[in-house]
1. With an 8 Å cut-off on Cα pairs and a minimum separation of 6 or more residues, tell me the relative contact order of the chain in percent.
2. Using a Förster distance of 41 angstrom, determine the FRET efficiency expected from the C-beta separation of residue 70 and residue 271, and round it to 0.05.
3. At 0.36 nm per residue, minus the direct Cα-Cα distance, what do residue 86 and residue 262 gain on full extension? Give it in nm, one decimal, please.
4. With a 10 Å radius around each residue's Cβ, average the other Cβ atoms per peptide and rank 55-68, 117-130, 282-295, highest first.
5. So which cysteines of the chain have no other cysteine's Cβ under 4.7 Å from theirs?
6. With Cβ to Cβ distances under 9 Å as the rule, what net charge do the other residues near residue 220 carry (K, R +1; D, E -1)?
7. Cα to Cα, under 20 Å, and not fewer than 8 places away if on the same chain: which lysines meet these conditions relative to residue 274?
8. Computing the accessible area with a 1.4 Å probe over protein heavy atoms, can you report the carbon and sulfur percentage for the chain?
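The values are calculated or read from the model by the stated rules, or taken from the named source; none is laboratory data. Source: prediction; values computed, not measured. Cβ: placed from backbone, ideal geometry, glycine included. Neighbour counts: every protein chain shown. Areas reflect the complete protein model, heavy atoms only, side chains present, ligands, DNA and RNA absent. Shrake-Rupley method; radii C 1.70, N 1.55, O 1.52, S 1.80 Å.
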Amino acid sequence: MEKNQILLALGTLTLLFVSALADDVVVLTEDNFDKEVGQDRGVLVEFYAPWCGHCKKLAPEYEKLGASFKKAKSVLIGKVDCDEQKSVCSKYGVSGYPTIQWFPKGSLEPKKYEGPRTAESLAEFVNNEGGTNVKIAAVPSNVVVLTTDNFDAVVLDESKDVLVEFYAPWCGHCKSLAPTYEKVATAFKMEEDVVIANLDADKYKDLAEKYGVSGYPTLKFFPRSNKAGEDYEGGRDLDDFVSFINGKCGTSRDGKGQFTSNAGIVAHLDALIKEFVAASSDNKKAVFAKIEEEVGKLQGSTARYGKIYLKVAKSYMDKGSEYANNEIDRLQRILEKSISPAKADEFTLKKNILSAFA
């Protein structure tokens, strides 16, 4: 395996690792359960099944709980997927979902939680058992709330691609979808031209009727090129929504909101880069001129990417053929640190484009 391939593979693994740590609720498995539970802190564990309606209803409350206790050193909030980790669930006598158990510090003998399934009630229980005093944090939403006052301004904006969920507050399926839909909005919050929104169709019946909504939740996509809207008929898992948005909007995000390895890549520029890298020193300027000409034709977000291609090509000529690999190394070291999402986007784009030169 070539050096740049190894670096890219390591980079991908690092990003996956960082992403896993970014979750507020710790995913527990057969491999890590005994390392996390029964040690030097108390642990609240939700044993759940992905298909379980009650588990889906609990999910947003449990996420709130995890977010609130994230910085509490003496308490961990975890969860176990019993479809995937049957041996762990069997070991602790789990026969229904969700089952919530408290494992005191230094103990693998759990106490079953029997109280209400709200973030506030769970927090009160954890505080009593763990000796903490944590309040439930208000988690800001990235879903744009639509009303009659802002619907046209947001949805019919011809510079935006907009996904709209028409829901009813009493609808069970809507409640189940809510935590996933929030994750979709969070994944695309850095995309200025992509909007993830919802409308209370029970409250704004006229708007729902105008767009032919007769059941809940109904999801409609309003691309910038078709403001009549089109029905979203894909799956309702996070990956389904992410694939749909990426395909329709030309974005390159994963479920965590991070750029994928395809972000920033312009295929016909990559072909010119191959020619540029292979060219002799005398011919590089001529190929650079071709790249410059092609970049001048680009529009929208690809114009931004084109400028990065040009900047990298110029640095490649000035600093030599080792520039690309050295710069990939440098950017990867930065990406492994705690940096803002905007900076992570900037450096990932450049790293992706550098791979064409490496």
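1. The normalised contact order for the chain reaches 13 percent.
2. Numbers: r = 46 Å, r/R0 = 1.11.
That gives a FRET efficiency of 0.35.
3. Numbers: separation 176, 0.36 × 176 = 63.36 nm, distance 3.60 nm.
Contour length minus the Cα-Cα distance gives 59.8 nm.
4. Values: 55-68: 21.3, 117-130: 18.1, 282-295: 14.2.
Most protected by this proxy first, the peptides run 55-68, 117-130, 282-295.
5. 249
6. Values: positive: none; negative: 165, 230, 231.
Around residue 220, the surrounding residues sum to -3.
7. Here the lysines satisfying the reach criterion relative to residue 274 are 3, 284, 285, 290, 297, 307, 311, 314, 319, 350, 351.
8. Numbers: 9400 of 18950 Å².
Heavy-atom surface of the chain belonging to carbon and sulfur, 1.4 Å probe: 50 percent.
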